[in-house]
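Visitor: Input: one structure, supplied below.
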Amino acid sequence: MSPRPPAIKIYNHPVSLLQDQGRVGSALRGELIHHALFFLDHCSVREDIERAVLQAFSLQGVDRQRWAVEEEYLTPIVNALSLPQVRQWFKQGVMNLREVEVVDAQGEVHRIDRLVIGEGVLEVIDFKVGNREEGHRAQVELYQRLVEAIFGRPTQGYLLYIDEPAVVVVR
């Protein structure tokens, strides 16, 4: 008898016409905002954010004419990036990694939205669009454990809620 092949995990996130269009729109909005924040290495002026949002729309192949770009994207991002703590993460000269993929001991891939590399501590930042949910803190705590194991340095975790805007400290 031949050995059984290792288990394969398949993740499928279908976006179909059968789904709730509100949820589909919210998911796409969240994805576009994450892409825009990825394009922002450092940010000092509103034009940087506008450019990043347009890049996100282009990357996704989304017609920006169908969206309220100013109120759904630019204003929430500008407001979130105006918070004092957040300005520090996007300041010129601050070393950061964006959309960092790390693998846990079980082989699961996790994507950290922004990892700010400071002298004493690594800051693990996860961006959230929409409402606060119970599992958000646990997600950042997991990312912190993974980063600490990889780099052997202490971490500080944060959740940045774009729509509120608010920063939540996680351990």
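Visitor: For mean projected area of the Cα convex hull in nm², one of [x] 14.8; [y] 13.2; [z] 19.0 was computed from the structure I shared and the rest are decoys. Which label?
Guide: [y]
Visitor: Given an 8 Å cut-off on Cα distances and at least 6 residues of separation, report the relative contact order of the chain as a percent.
Guide: On the way: 226 pairs, mean separation 28.8, N = 171.
This gives 17 percent for the chain.
Visitor: Rank-order 148-160, 129-141 by packing density, defined as the average count of other C-beta atoms within 10 Å over each peptide's residues, highest first.
Guide: Highest-to-lowest ranking by the protection proxy: 148-160, 129-141.
Visitor: Please give the calculated 222 nm ellipticity per residue for the chain, where each DSSP H segment of at least 4 residues contributes -39500 (n - 2.57) and the sum is spread over every residue; nearest 500 deg cm²/dmol?
Guide: -12000 deg cm²/dmol
Visitor: Work out Dmax and Rg for the stretch 21-82 from the C-alpha atoms and quote the Rg first, both in angstrom.
Guide: Rg and Dmax of the stretch 21-82, Cα atoms, are 11.0, 35 Å.
We did not get these values from a lab; they are worked out from the coordinates using the rules stated. All figures in this text were calculated on a predicted structure; none of them were measured in a lab. Here the Cβ is made from the backbone with ideal geometry for all residues, glycine too, and neighbour counts use every protein chain on show.
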